[in-house]
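Nothing in this text is a laboratory measurement; each read-out follows from the coordinates by a stated rule. Since the structure is predicted, the reported quantities are computational estimates derived from the model, not experimental observations. Positions of Cβ are generated from backbone atoms using ideal geometry, with glycine treated the same way; all protein chains shown enter the neighbour counts.
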Amino acid sequence: MKTWKPALLLGTALIALTLHSHAQQSQSKRTLPRISDEELFPDKVLAKGKGFEVRQSELDDAFISYKASLAARGTQLPEDKRRQLESDLLDQLIFEKILTKRATAEDKTAAAEEAEKAYEQVQSKIPENVFEQRLRASGMDVVKFRERLQAEATRRVVLNRELKEEIKISDADIKEFYGENPTRFEIPDRVRASHILLSTTDSLTSRPVSESVRKEKEAKIKEIRERAVKGEDFAKLAKEFSDDPGSRDRGGEYTFARNEMVKPFENAAFSLEPGEVSDVVESQFGFHVIKLHEKLSPYKRSLDEAKEDIERLLTAREFDKRLPEFFKKLKKDEGVEVLVSPGA
C-alpha cells in the first residue's frame, strides 16, 4: 500500500494538471485576440518632422541596399562600422524626406525630364541582360530603379534651387584661382584616336571568358582590323562591333594624354602616325584595334577657355562647404526630432 499510493496521487495530479492546462488553452483560444505582425515586430518611428516620418523599415531597406551595392563591388561592411553607417543613413533619409517635401510642381517636371535622360543614358551604355542582372544584385528591378532615379532627380533639383543657385562666383575669384594654379591649365601632348574593343571578360559574371571564346574573339578582331586597313569606315566598324560602351556610340573615339589609359593601349596609340591602324593590342579589357586621327601638341589653356570649368569647381567647393549648415537649418525649420537612435 505504501508503494503505490504516492504514485497514484502523482498520476492523479498529472491528470488534473493536464486537464487544467487544456482548459486554459481552450479558453485562451476563445478569448485572446490575434496578434498581428506589426504588434509583434513594430515598425518604430525613428525620426519625424513637419508632415513626415522615418521608420525603422526605411532604414533597414537603405542599409540592405547599401550592403548589396558593396557586395556587388566585392567588398563588405565591417561590423564595427555598422552603427555609424546607420546613423549616417538616418540623416540621409531625413534630408531626402525634407527635400522631397519641398519640391514644387516645376521641380518635379524638371526632375522627370532629368530622370528620363539618365535612364536612357544607362540603357545605351549597358546591355539589357547585364543591366537587369546588376539591378537584381542590388535588390532592385527596373520599376524601382526608375522610381529611384526620379526621386534622386527631384531632390537634386530642389537642392540646386535652394542652395546651389544662391552661390555666386565672381570673375575676381575665377581670375585669382587661375593665377594661383598655373599647372592645372597646362595641357600635355595628347592624341585623338578611335578603337574597337572585343572584351575578354564575361559581361554577366565579370570573369574571364573561356579559352575557346577568347580565341574566337582574337580571330574576329583580326578580321575587323583587316577591314579597317583596307579602308572601311572605322567609326561604323566601332559602332557595329565594339564592346566599349563608353565610346561605341561616337565611333570609338577618345582624346587622351599619357597615363590616362592602360599602358598597352597608350603605348600603341602614341606610337602611331595619323591615319595609321595598329596591330591587334591586348590589354586587361580584351583585344583592341586602334586608329590614330591626330597628335595634339602641349599648350596652356587661356583664362577664357578655363573660365567655365573654374566656375564649376569653385561652385562645387562652396556647395560642399555650405551643405552641413544648410542641412542643419532645414532640420530646425522642419522641426525634426530623432526619437530612437539607430540600433537602439
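Positive contributions from Lys and Arg (+1) and negative ones from Asp and Glu (-1), summed over other residues with Cβ under 11 Å from the Cβ of Leu198, come out at -1. Taking GluC sites (Glu not before Pro) across the stretch 229-298, the ones in a DSSP loop with at most 13 further Cβ atoms lying within 10 angstrom of their Cβ are Glu232, Glu260, Glu276. Against the chain, whose longest principal axis comes from its Cα atoms, helix 171-180 is set at around 80 degrees. Seen against the Cα atoms of the chain and their longest principal axis, helix 211-229 is set at about 30 degrees.
Each Lys or Arg adds one and each Asp or Glu subtracts one; over the other residues with Cβ under 15 Å from the Cβ of Tyr119, this totals -2. Helix 105-125 and the long axis of the chain differ in direction by around 70°, with both axes built from C-alpha atoms. Distance between the 7 Å Cα→Cβ label points at Glu166 and Arg301: 2.9 nm. So what's the net charge close to Arg258: Lys and Arg +1, Asp and Glu -1, counting the other residues with Cβ under 9 Å from its Cβ? That works out to -2.
Summed over qualifying helices (DSSP H, 4 residues or more, each -39500 (n - 2.57)) and divided by its residue number, the chain shows a 222 nm mean residue ellipticity of -19000 deg cm²/dmol.
From largest to smallest, the equivalent ellipsoid semi-axes obtained for the chain from the alpha-carbon gyration tensor read 60, 35, 18 Å. Spin-label pair Asp173-Val338: with each label point 7 Å from Cα along the Cα-Cβ axis, the two points sit 3.1 nm from one another.
Only loop residues by DSSP count here, and only those with at most 16 other Cβ atoms within 10 Å; note down the trypsin sites (Lys or Arg not before Pro) in the stretch 230-292 that meet that.
Working: sites: Lys230, Lys236, Lys239, Arg248, Arg250, Arg258, Lys291; in loops: Lys230, Arg258.
Sparse-neighbourhood loop trypsin sites (Lys or Arg not before Pro): Lys230, Arg258.
The amide H of Glu253, built 1.01 Å from its N in the peptide plane, has His195 as neighbours under 5 Å, considering only residues 5 or more places off or on other chains.
Normalised by the number of residues in the stretch 189-297, the average gap of Cα pairs under 8 Å and 6 or more apart makes the relative contact order 44 percent.
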